[in-house]
Amino acid sequence: MSNCNVEVCPVCGVKIEGEDKVLFSCGPVGTRARLWARVCQYAKNPDCINQNKEAIGPIREKDFYSEPPSLSPTVKEKQRQAS
Ligand SMILES: [Zn+2]
């Protein structure tokens, strides 16, 4: 059972299980890249355990928080026509 070690980041309070499985306090399981994009990059604290770029790997656009869904132009257009 060597691959089921769980580390807890003392700065972010997020659990990292094994190599690349991040358990957020809420929401689905993520990756180190997602954790970094959402939390650790803002912590800027040397005690954060998720600062190793090699372990984090490439960070994709979708790893960042997405903007809240807004009304698309099509929806707005339909509302205008309805009123
Ligand atoms: Zn962290």
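Net charge near Gln51, counting Lys/Arg +1 and Asp/Glu -1 over other residues with Cβ under 11 Å of its Cβ? Can you show the working numbers first?
Details: positive: Arg32, Lys44, Lys53; negative: Asp47, Glu54.
Its environment carries a net charge of +1.
From the phi angles alone, apply the Karplus equation (6.51, -1.76, 1.60; θ = phi - 60°) to segment 49-54 and give each ³J(HN,Hα) in whole Hz, x where the residue is Gly or Pro.
7, 10, 10, 7, 4, 5
Just how far, in whole angstrom, is segment 30-55 from segment 8-28 if you go by their alpha carbon centroids?
10 Å
If you take every residue apart from Ala37 with its C-beta less than 13 Å away from the C-beta of Ala37, what net charge results, scoring Lys and Arg +1 and Asp and Glu -1? Don't jump to the answer; show the numbers that get you there.
Working: positive: Arg32, Arg34, Arg38, Lys53, Arg60, Lys62; negative: Glu61, Asp63.
Around Ala37, the surrounding residues sum to +4.
Can you tell me how segment 6-65 classifies by the Cα gyration tensor, rounded, prolate or oblate, using a/c under 1.5 as the rounded cut?
rounded
A short reminder: the numbers here are calculations on the coordinates, not readings from a lab. The shown structure was predicted, so the numbers you read here are calculated from the model rather than taken from an experiment. Virtual Cβ from ideal backbone geometry, glycine too; neighbours counted across all protein chains shown.
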